[in-house]
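The values are calculated or read from the model by the stated rules, or taken from the named source; none is laboratory data. Note that the structure is a prediction, hence the values are computed from the model and not measured. Here the Cβ positions follow ideal geometry from the backbone for every residue, glycine too, while neighbour counts run over all protein chains shown.
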């Protein structure tokens, strides 16, 4: 059995305001070792995120690699795309938004670029 460890660190300030720092680390037992990672070019119609070869996807990490366009994140609900958020674009010096979420069984994750196709890094982790 392999284990997954996630660490979140949040800190920052804006002007004279200091955000309360948060650091959390969590470890999970992974019963079905495996993952699928890559870069997928996402167009403006909703596209299903590639999870080929996975039997029990549990966690999903996403990162927008585009410097101009944001990417909408959604799920397939029957035959309809349902938006649930977005990953902002980065810049030449800053990365785009990133996201790590637990994914419910049998959920179809779809991504949709805002105005033009863009690349998104993804990594699925088995349960």
Legend entry - Residues that are touching a residue at least 60 places away in the same chain (Cβ under 8 Å) and under 25 Å from residue 26 (Cβ atoms), drawn from the range 72-114: 100, 109
Legend entry - Residue tally, condition in contact (Cβ under 8 Å) with a residue 24 or more places away in the chain and under 21 Å from the mean Cα position of the chain (by Cα), over the range 9-48: 21
Inset, instruction - Identify all residues within the range 22-49 that are part of a loop (DSSP other than H, G, I, E, B), surrounded by 10 or more Cβ atoms within 10 Å (Cβ to Cβ) and modelled with pLDDT of 90 or more; write none if there are none. - result: 43, 44, 46, 49
